[in-house]
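Everything on this sheet refers to the single structure shown next.
We did not get these values from a lab; they are worked out from the coordinates using the rules stated. The model shown is predicted, which means the values in this text are computed figures rather than measured ones. Here the Cβ positions follow ideal geometry from the backbone for every residue, glycine too, while neighbour counts run over all protein chains shown.
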Amino acid sequence: MDKQYHFAKLSDGDLQQVHNLEKQLSEEKGEEVILIAYHDQKENNK
């Protein structure tokens, strides 16, 4: 079962939440954290 992932299309508000979480995690970890949003292409086609 091959899964195909594509970048998720996020709203400006969604992107701001991701950025805020990246900042929070980076501060907690003491190193830069980058989050990447994907969606399963096959799941969207059902």
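Assorted remarks:
- Sum of -39500 (n - 2.57) over DSSP H runs of 4+, divided by residues of the chain (222 nm, nearest 500): -14500 deg cm²/dmol
- Think of each Lys and Arg Cβ as +1 and each Asp and Glu Cβ as -1; about the Cα centre, that makes the dipole of the chain roughly 280 debye.
- Here the gap between VAL33 and HIS19, fully extended at 0.36 nm per residue and compared with their Cα-Cα distance, gives a gain of 4.1 nm.
- Degrees between helix 12-29 axis and first principal axis of the chain (Cα, 0 to 90, nearest 10): 50 degrees
- The stretch 5-44, relative contact order in percent, only Cα pairs under 8 angstrom and at least six apart counted: 60 percent
- Sorted ascending by nearby beta carbons within 10 Å, beginning with the fewest, LYS23, LYS9 become LYS9, LYS23.
- One entry in (1) 54; (2) 67; (3) 92 is volume of the Cα convex hull per residue in Å³ calculated from the shown coordinates; its label is (3).
- Residue range of the chain that is longest and free of GluC sites (Glu not before Pro) which are both DSSP loop and sparsely packed (at most 15 other C-beta within 10 Å): 1-30
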